[in-house]
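The values are calculated or read from the model by the stated rules, or taken from the named source; none is laboratory data. For clarity, every value in this text was computed on a predicted model and none was experimentally measured. Note: ideal-geometry Cβ built from the backbone for every residue, glycine included; neighbour counts use all protein chains shown. With ligands, DNA and RNA removed, areas are computed over all heavy atoms of the protein, side chains included. Shrake-Rupley method; radii C 1.70, N 1.55, O 1.52, S 1.80 Å.
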Amino acid sequence: MSKIKKVGIMGGTFDPIHFGHLVTAEAARTQFQLDKVIFTPTGKPPHKKGYSVTPAEHRYLMTMLAINDNPFFEISRMEIDRPGLTYTVDTLESFYKELGEDVKLFFISGADAVLDILTWKDVDRVLSYCTFIAATRPGYPMDKLNEKISELKRMYGWEVYPMKVTGMDISSTDIRRRVREGLSVRYLLPKSVETYIQKNNLYR
Ligand code: ATP
Ligand code: MG
C-alpha cells in the first residue's frame, strides 16, 4: 500500500521570484505537512497586467536559482511549455493526471490572488482537483482574509483554507521598479536572483 503524498503547487509569474513567494511556499509545506512544493511559473497570463511579462526562460531560471537550496522545492515547466494562455485549471488537471491517485494536490496562492484565480476559468473544476490555500500578505491580514473566505463560501460555496504567513511586504512590481530606478533590492530576494537580474540586464 502506498502512502498518500501531499504536493503543493505554487503558481506565479515570478517576475522576479522573491522572499515573499519562498516564505509562503515554506509556510504551506510545514503547516499543511506537504511532501514537496512544485513551483510552476506561468506561461502567458490571461489578464494583461499593464506591463509586458519577462520571457518565460528568464523567469524559469530565476525560480530555479531561488529554490535550489531547499530539498523540498521543485520546479515545473508545465505552464511555460503549454501553448496558449495559461489557466490554472489546465495545470491542476495535468498534475492530477500525471501524479496519480495517491497524490493529494494543494494549490498555494496569496490572498490577493484568490479571486483572480478562482474567477479565471472553471472554478468548480479547480476546486475539485485541489485543496485551495490562501496566504496572508501585507494588506491582507488574517481577519480580512477570513472575511473574504467566508464570503466566497456564502456566495459560491467555495472552500478555501486560510494560512498565516510571516508578513513580507515585497512584490515583484516593487522590485522591478527599484531595479529600473537603480535602487537596492538586496534582502528582498535571493542573492543568486539579484545577480541573474544584473547579468541579464532585466527590468532596466
Ligand atoms: P506582481 O507585483 O508582478 O503581481 P507578485 O509579487 O504579486 O508580483 P506573483 O508572481 O504575482 O508575485 O505572485 C505569485 C503568488 O504569490 C500569488 O498567489 C501571490 O499572491 C503570492 N505572493 C506574492 N508575493 C507575496 C508576499 N509578499 N506574501 C505572500 N504571498 C505572496
Ligand atoms: Mg501579483
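Here are some notes:
- Using the Stokes-Einstein relation with a Kirkwood hydrodynamic radius computed over Cα pairs, the translational diffusion coefficient of segment 91-187 at 20 °C and a viscosity of 1.002 mPa s comes to 141 µm²/s.
- Surrounding net charge for Val165, when Lys and Arg each add one and Asp and Glu each subtract one, Cβ distance under 11 Å: +1
- Angle in degrees between helix 142-156 and the longest Cα principal axis of the chain, rounded to the nearest 10: 50
- Of the chymotrypsin sites (Phe, Trp or Tyr not before Pro) in segment 26-88, the ones in a loop by DSSP (not H, G, I, E or B) with at most 11 other beta carbons within 10 Å are Tyr51.
- Gyration tensor (alpha-carbon) shape descriptor, segment 35-150, a/c threshold 1.5: rounded
- Residue range of the chain that is longest and free of GluC sites (Glu not before Pro) which are both DSSP loop and sparsely packed (at most 12 other C-beta within 10 Å): 1-100
- 26 Å tail of the calculated P(r), the chain, as % of Cα pairs: 32
- The chain, relative contact order [Cα under 8 Å, separation at least 6], %: 25
- Since only Leu145, Thr173, Met155 are under comparison, the one whose Cα sits farthest along the positive direction of the charge dipole of segment 145-191, derived from C-beta charges on Lys, Arg, Asp and Glu, is Thr173.
- Under 5 Å, built H, 5+ apart or other chain: amide partners of Ile9: Ile38, Phe106, Phe107, Ile108
- Å² per residue, accessible surface of segment 5-199 at 1.4 Å: 50
- Look at where the Cα atoms of segment 5-83 and of segment 87-129 average out, and the two centres are 14 Å apart.
- Accessible surface of segment 5-199, 1.4 Å probe, proportion on carbon and sulfur as whole %: 52
- For the chain, the longest principal axis of the C-alpha atoms and the axis of helix 56-67 are separated by about 80°.
- Applying the criteria of a DSSP loop state and at most 16 other Cβ atoms within 10 Å to the chymotrypsin sites (Phe, Trp or Tyr not before Pro) of segment 113-177 yields no site.
- In this Cβ point-charge picture (+1 for Lys and Arg, -1 for Asp and Glu), the chain has a dipole of about 440 debye about its Cα centre.
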